[in-house]
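> Here's a structure for you.
The values are calculated or read from the model by the stated rules, or taken from the named source; none is laboratory data. Everything quoted here is computed from the prediction, not taken from an experiment. Cβ sites come from the backbone with ideal geometry, for glycine too, and all protein chains shown count toward neighbours. Areas reflect the complete protein model, heavy atoms only, side chains present, ligands, DNA and RNA absent. Shrake-Rupley method; radii C 1.70, N 1.55, O 1.52, S 1.80 Å.
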Amino acid sequence: MRFREGAGRMCLDYLRTLRHGTVEELPDAAAVAAWAEQFGPFDTVPVPSEGGRVEDAQRLRESIRALIDSARQGGGWPASARYAVNAAAALPPPCPALAADGRLVWHADDPIGATLSLIARDALDLTSSPLLARVRQCAGADCGALFVDTSRPGVRRWCSMNTCGNRAKKEAMKARHVD
């Protein structure tokens, strides 16, 4: 597993590719193809030639973040972000087919574009649904990742108990023992 997952929505996992707001995990076409292969429906995703796909992928991520941040604050969606996410959502999605062995296989002439379409559609669905109220920002000191809080009381604080939650608990325990 190359990229972090577990945010509860594909679009939120996609936002994690800009870790801590500064570490770019999609710097080239190979990384974009690897993300699409890990999270999309395809068994393999060929690496596209450099060019627009990296910029498209990064622009979509920035636009999704702007839409989600705006929606969490009550609306006023930025026109440029809306346009970019709507345009990506309009790309042809992957097409399912049943293989001779009974497996479901997916096809797209442009697997990267099809995966970007799935991500954009997920973002549009999330920003317009009641589930948006359950989107939280990780309380980890160096994290800030968004995730869907599926806990019954709705008070989850960390994107992952195995990483940020564990780190915070260790720091709290260390602070108690120092005093």
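> Go ahead and estimate [θ] at 222 nm for the chain from helices alone: -39,500 (n - 2.57) per DSSP H run with n ≥ 4, summed, over the residue count, rounded to 500.
Rounded to the nearest 500, it is -14000 deg cm²/dmol.
> With +1 assigned to the C-beta of every Lys and Arg and -1 to the C-beta of every Asp and Glu, and no other charges, what is the dipole magnitude of the chain about the Cα centre in debye, to the nearest 20?
That gives the chain a dipole magnitude of about 1100 debye.
> Can you pull the three principal axis extents for the Cα set of the chain, in Å, largest first?
Per principal axis, max minus min of the Cα coordinates gives 63, 40, 34 Å.
> Using a 1.4 Å probe on the protein chains only, how many percent of the accessible area of the chain belongs to carbon and sulfur?
54
> According to a simple spin-label model (label point 7 Å from Cα along Cα-to-Cβ), what is the distance in nm between GLN58 and ASP109?
Here the modelled spin labels are 2.8 nm apart.
> Write down the Kirkwood hydrodynamic radius of region 19-75, to one decimal in angstroms, obtained as one divided by the mean of 1/r over all alpha carbon pairs.
Final number for the Kirkwood radius of region 19-75 is 12.6 Å.
> What three numbers, in Å, describe the spread of the alpha carbons of region 39-122 along their principal axes, ordered from the longest?
Rounded to whole Å, the extents work out to 49, 28, 18 Å.
> Pairs of Cα atoms under 8 Å, at least six residues apart: use those to get the relative contact order of region 31-175, whole percent.
Once divided by the residue count of region 31-175, the mean separation gives 17 percent.
> Find how many whole Å separate the alpha carbon centroid of region 40-118 from the alpha carbon centroid of region 128-162.
Between the Cα centre of region 128-162 and that of region 40-118, the gap is 23 Å.
> Still on this structure: For the full complex of protein chains and a 1.4 angstrom probe, list SER160, SER49, SER70 by accessible area with the highest value first.
Result of the area sort, largest leading: SER49, SER160, SER70.
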